[in-house]
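Below is one structure; the comments refer to it alone.
A short reminder: the numbers here are calculations on the coordinates, not readings from a lab. The model shown is predicted, which means the values in this text are computed figures rather than measured ones. Neighbour counts are summed over all protein chains in view; Cβ atoms, including those assigned to glycine, are modelled from backbone coordinates with ideal geometry.
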Amino acid sequence: MRRIALLTAVIVLAGCGGGSTSSKSTSTAAAPAKRLTVVIRGENHRPLVGRKWHYAVRVTADGKPVSCRIHLQFLFGGAPVGEVGRHVLPNGVWQETFGASGNPPFPPASRGQSLVLEVTATRPGYRSARAGWPVVPR
């Protein structure tokens, strides 16, 4: 029962992030030479339920910010439980605040649950990259 409440709460929380964009996948035979690097920085790993919580994502290649697409989602036990959004980053940087206008805060049902905010970055001609920021709302 608690898991169902958590999933419902995370799905409600995951509705934030504004519009989404669809991505087309293309298949290539040769592996891309360059690799993307994703870094997530959150305000902390223990956000307060019902309060604002800020995070930022930076995507680089060879140490320089690059334009790309990102997909943000919450994982619970390694399984996706809520999509935060898909975004195009013209400058390799994305930041957002849960609990600010248009983005709901962490709901009470998420309290004490081990979640991971996962970011996957893609760019044509580059290997995709993934990073996670663990959080346990309190």
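Annotations for the structure displayed:
- Shown here for segment 36-138: chymotrypsin sites (Phe, Trp or Tyr not before Pro) in loop regions (DSSP other than H, G, I, E, B) with at most 11 other Cβ atoms within 10 Å, of which there are none.
- The 3J(HN,Hα) values that the Karplus relation (6.51, -1.76, 1.60; θ = phi - 60°) gives for segment 34-51 are, in residue order, 9, 10, 7, 10, 10, 10, 10, 10, x, 4, 5, 9, 10, x, 8, 4, x, 10 Hz. Gly and Pro appear as x.
- Radius, Kirkwood style, for segment 46-138 when every pair of distinct Cα atoms is counted (Å): 14.0 Å
- 5 angstrom amide H check on LEU89, placed H, neighbours 5+ away: CYS68, ARG69, ILE70
- Residues with amide H under 5 Å from that of ARG127, placed H, sequence gap 5 or more: LYS34, ARG35, LEU36
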